[in-house]
Every structure is written in structure tokens, then in C-alpha cells.
Amino acid sequence: MTRPHPAPRGAFGAAVADRPAPSLARVQGGGPGVVAPTLDIGVIGGCGHVGLPLAIGLALRGHHVCLLDVNATARAKVARGVMPFAEEGAPEALRQALDAGHLRVASEEADLAEAEVVLLVVGTPVDGHLSPALAAIHEVLEQYRPHLRDGQLMVLRSTMYPGTAEGVWRWLQAQRLQIDLAVCPERIAQGAALREIAELPQIVAGFTPAAVDRAAVLFASLGCEIVQVGPKEAELAKLFANAWRYIRFAAANQFLMMAEDLGADFEEVFRAMTHNYPRAADLPRPGFAAGPCLFKDTMQLSASTNNRFFLGHAAMMANEGLPQYVTARLRGRYGLSGRTVGLLGMAFKAGVDDARDSLAYKLKALLELEGATVLCTDPYVDDPALLPLGAVVAAADVLVITTPHPCYRRAELGRAPVVDIWNFLGRGSRV
Ligand SMILES: NC(=O)c1ccc[n+]([C@@H]2O[C@H](COP(=O)([O-])OP(=O)(O)OC[C@H]3O[C@@H](n4cnc5c(N)ncnc54)[C@H](O)[C@@H]3O)[C@@H](O)[C@H]2O)c1
């Protein structure tokens, strides 16, 4: 079997991420000056949160992009020029890409055979037992097998369990497909995708020199700086980055809970720690750390090391335990049985409409278990059970800022106490 194309190695065999291979010299730095060929690109998972902004970005740089997705509702919306989810700047950009004739929704799976570049960006979840759904990528490959052909470049864009790319490479070889395989994990933050896909350096790995070169040319056409590493290093760089973020949020959340339990004002502690003190300035604010990526990627990483990622599990306990903590504090301070609690924000983070794995729903369930009536509102999330903000504010005995959407800063929140673990309103957490 051909070996993966290694990244340049430094002292002690460590990968040197930012040392380009000579053949990449012409694409380093990317930017508008880079002359890249116009490519036919097929995006599997092209109507999803990662696939669609990337597809739009590539289409606006002159490539011809075809979207393949099993979600018929999302496909129909995109074909009509309607974004299936909120993303800054995307509605205009989508229409522009469609009008220019550079973006289209595939009429059938066979359209993939026309693509020179196949971008694979389907979900890679963990299951109900926190085990990675290892078959996710392979099932998709089997589905599209009839339309893969020699000469294509395949780019794995999903966040993957370590070793997945190697498994895909073995599968391609077993299928006797001469396809260049690259690993280029997505690192955007939802909501800022269109801006960030051009601004963030792009990690590029490949199993052949041609795969690295072709993927680098593709991403340089977006204006990205290229960071070349090996395939496993690329997988881990993405997973470590998300786990690190998750651990940092957990530290802030645990500090909040400790300060409250010790009878200290966390906001005062935070101010004292961070004011003009650079070594603590990067402490994040406490808050519900959730969503479709950080938690599941930390668990994927743990599963890949015999579930001995102790820091990752500790972070999970702190972050996932915060709704229980808030529930207990509310019970102690206001009582819960027979009370009405209003939750402001059901999205997993501010400014998006995505409620996947949002801890607001976990908090809701816990409060209801205590006998509280829970009224929920969110200006972005599409959920028929949600109420207008005014109705929630009018009926609630206590309000909780569950998602710090900017609109709540200016909103009339009435007289009920407001629990705000983020200190978003600047009045302290009051938990
Ligand atoms: N959401 C983020 O902010 C983010 C950021 C970086 C990386 N990632 C990673 O990107 C990957 C995708 O995440 P997402 O948030 O875009 O998920 P998503 O669910 O929004 O998108 C995945 C898309 O794939 C489609 N799909 C599923 N099976 C398919 C198939 N067999 N054929 C064609 N389409 C299929 C789904 O219908 C969906 O539209 C995951 O690995 C995730 O961890 C996500």
C-alpha cells in the first residue's frame, strides 16, 4: 500500500506544520493573486452547516460547484435561493452564486461523476453511548461508490475519529480507485463561516504528493494560507483544537460554580483575575458550552484513547453539569415547584438558529422535572413550542439567559430576577 504523504519532519521526528513542501511554494499565502484553475467540485453534505458555506465560497471564486445532500427540504430551499439555516452574509452570497451559474443542486447522485474534486462533509456524530459513529463516512462512500472515478481528488472535510482517513485510503485502494485523497478539516465557527473560510489557515494533508498539491491549490483559491501536515496530524489538530476549547469553557464554568458555592462573587473574582493581567486574560466567560461539535469531538478523542482522556471527561462533567447546577440554585433561591421559569434563547450559541445539542433544552427538562412551568423563547430557532419574548417575560417568576443573543441586551425584561451565568447583561450572574 502507498504510504501517506508525510508532512515535513522537524527535530525528533515532530511534524513541522508551517514548513511548506517545495511543490506548495506557488500556492503559499493564497490571496487574490493566486491563479487557480476553475474546478468542477461535488460536495457531499453540500446543504449542511459546513458544506453549504464552503460551496458558496468556492462558487464565488469561480469554481463550478454541485451540491449533493440527502436532505430534500434543504435541497429544495437552496435551489430556490433560500438558506436552510442562519449564516452571516449567506443569503446574498447564495443568490449571487446561483445567479452566476456557479452553484447548483445535483439532480441525481450520478452528477458526482462529473466532479474533479469530491468534498466529503457529512456529520460525524457520537451515539447515545458517546461512542463515535465510526461507520458514518464509510456508509456514504459505499453509497457514492458507483460515481467515484479515477483521477478525482477526494477531500475529507468532516471532523473525524483518528485513523478514519487511513481507513478511507485503504478502502479506495481495495476498490482499485486511483483517487488522490486529502484531509482538510473545517475549522470555521458557525455564523462566521463565509468570512472565516477565507481568513483561517487551512490544514492540508494527503496520502500522495498530488493530493497535497491539488488540495492546496483548491484552498489557496479561497485565499487561505496552507499549513501542511500528515493525515493523522490533521485529524488530531482539529480534534485537539475543539477539545482545548471545550476544556477552557469547562474551567470557567467550574470556577463559577466553585465561587458561588464558596459564597464569593464570581464577577469580582473574574475582574480581579483578568484586569490588566495578560496571563489570565484568555479565561473565557462562563456559559452553556454546547452545540454539535465541542462535546462530541472531545468524546471522539477520548474513545480513541481507551476513554482515558481524563481532562476531556472532566470538562464534560463541568459543562454538562451546569444545567443541573443552575437548577439546584434556582430551587434553593426561588423554589421551583409551581413556579414559572422563562428561558431566553434555545440556540446552542448566540446569533445562530441551530439548537442541536443545546443545553437550554436540557435545562428545560430538568426544571420541568422539578415541577416548574418552563416557557421558552428564541428569535432565531424554528420550534413551534417557542413563545414571543414579551409573553415569556410577562409570565415568568424568574428568567434565565440561556443563549446570549445580542437582542436581549436591549430588550425590556420586566421585573422578574434574571439569572445570567454569562454576565451578558453586566449585572452579575445572580445564579
Ligand atoms: N457545524 C460546525 O460549526 C462545524 C465546524 C467545523 C467542523 N464541523 C464538522 O463538519 C461535519 C459536518 O457538520 P455540519 O454541522 O455541517 O453537519 P450538518 O448535519 O449540518 O451537515 C451534514 C449534511 O450532510 C448531509 N448528509 C448526510 N448524509 C448524507 C449522504 N449520505 N449523502 C449526502 N448528504 C448527506 C445532511 O443532510 C446534512 O445536510 C462534522 O464532521 C462536524 O463535526 C462542523
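Any read-out appearing in this document is the output of simple, stated calculations on the displayed coordinates, not a laboratory observation. Since we're looking at a predicted model, the values are computed, not measured. So basically every Cβ, Gly included, is an ideal-geometry build from the backbone, and we count neighbours across all protein chains shown.
The table below lists the values:
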item	result
Residue match in segment 336-354 (condition: aromatic (F, W, Y), surrounded by fewer than 20 Cβ atoms within 10 Å (Cβ to Cβ) and either over 19 Å from the mean Cα position of the chain (by Cα) or more than 23 Å from E412 (Cβ to Cβ) (or both))	no
Given (1) under 19 Å from G312 (Cα atoms); (2) within 16 Å of the ligand (Cβ to nearest atom), index of the condition N253 fails	(2)
Considering residues of segment 209-250 that are within 16 Å of the ligand (Cβ to nearest atom), touching a strand residue (DSSP E or B) at 6+ places or on another chain (Cβ under 8 Å) and assigned to a helix (DSSP H, G or I) only, the residue nearest to C293 (Cα to Cα)	K238
Filtered residues of segment 79-105 (kept if assigned to a helix (DSSP H, G or I) and either out of contact with any helix residue (DSSP H, G or I) (no Cβ under 7 Å at 6 or more places or on another chain) or among the aromatic types (F, W, Y) (or both))	A79, P91, E92, R95, L98, D99
Scope segment 42-56; condition out of contact with any helix residue (DSSP H, G or I) (no Cβ under 7 Å at 6 or more places or on another chain) and more than 9 Å from the ligand (Cβ to nearest atom); matching residues	A55
Segment 187-211 residues that are more than 15 Å from I56 (Cα to Cα), paired with ones that are in a helix (DSSP H, G or I) and within 11 Å of the ligand (Cβ to nearest atom) (beta carbon under 8 Å, 6 or more apart)	R187/E196; R187/K238; R187/A241; A189/E196; I203/K238
Looking only at segment 106-156, and only at residues there that are near the ligand (Cβ under 9 Å from one of its atoms) and assigned to a loop (DSSP other than H, G, I, E, B), the one that is surrounded by the fewest Cβ atoms within 10 Å (Cβ to Cβ)	P125
